[in-house]
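Note sheet for the following structure.
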Amino acid sequence: MRRVFCDANVLIAGAASRSGASRAVMMMAEAGLFRMVVSRQVLDEAERNLRRKLPHGLPILAEILGHVHLEIVDDPAPHSFARWLDCIEDKDAPIVEAAVTANIDYLLTLNSRDFTPAVAARSGLKIWTPAQFVERLREIVTGEL
């Protein structure tokens, strides 16, 4: 089964809105089309930001994640993500390391400013937005390859 690492902003957007690609990703994970993977840091960041900015999204996130076969990977040790510090912001380097270490198939994020094609090339990760991922799945399902 494909494993898809979701950044905190995907979880936040999926919990905050009933429509949109982030919510669609969460629903597809719930349907078992792929396994959703996150790190503890991602969960903590999503909860912290929802609590501070969109508290109505907390119970929605909890409910959705309760139905998803969620895989939670360990946060990387600080020394292990130092190799990414020259190509991505300090706060995002642990996300790259967690995704690389987990050997995931895709990393989904709404942060295209920091998760650039250069980061993808250097890390070997397929970094897509939720919209790109949903569109690709739509093409596969409808046979429009």
Relative frequency of Cα-Cα separations exceeding 19 Å in the range 31-103, percent: 44
Mean Cα-pair separation over length for the range 58-120, i.e. relative contact order, pairs under 8 Å, 6 or more apart, %: 30
With Cα extents along the principal axes in Å defined as stated, name the option among (i) 52, 33, 24; (ii) 44, 43, 21; (iii) 41, 38, 25 computed from the structure displayed. (iii)
Just the accessible area per residue of the range 80-145, please: how many Å² with a 1.4 Å probe? 54
Quick one: if you stick a label point 7 Å off each Cα along the C-beta vector at Asn103 and Ile72, how many nm between them? 2.3
Using only DSSP helix segments of four residues or longer, with each worth -39500 (n - 2.57), what per-residue ellipticity at 222 nm results for the chain after dividing by its residue count and rounding to 500? -15500 deg cm²/dmol
Fraction of accessible area attributable to carbon and sulfur, the chain (%, probe 1.4 Å): 53
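The values are calculated or read from the model by the stated rules, or taken from the named source; none is laboratory data. Remember, it's a predicted structure, so these values are computed and weren't measured experimentally. Please note: Cβ atoms are built from the backbone with ideal geometry, for glycine as well, and neighbour counts cover all protein chains shown. Calculation scope for accessible area: heavy atoms of the full protein, side chains included, ligands and nucleic acids excluded. Shrake-Rupley method; radii C 1.70, N 1.55, O 1.52, S 1.80 Å.
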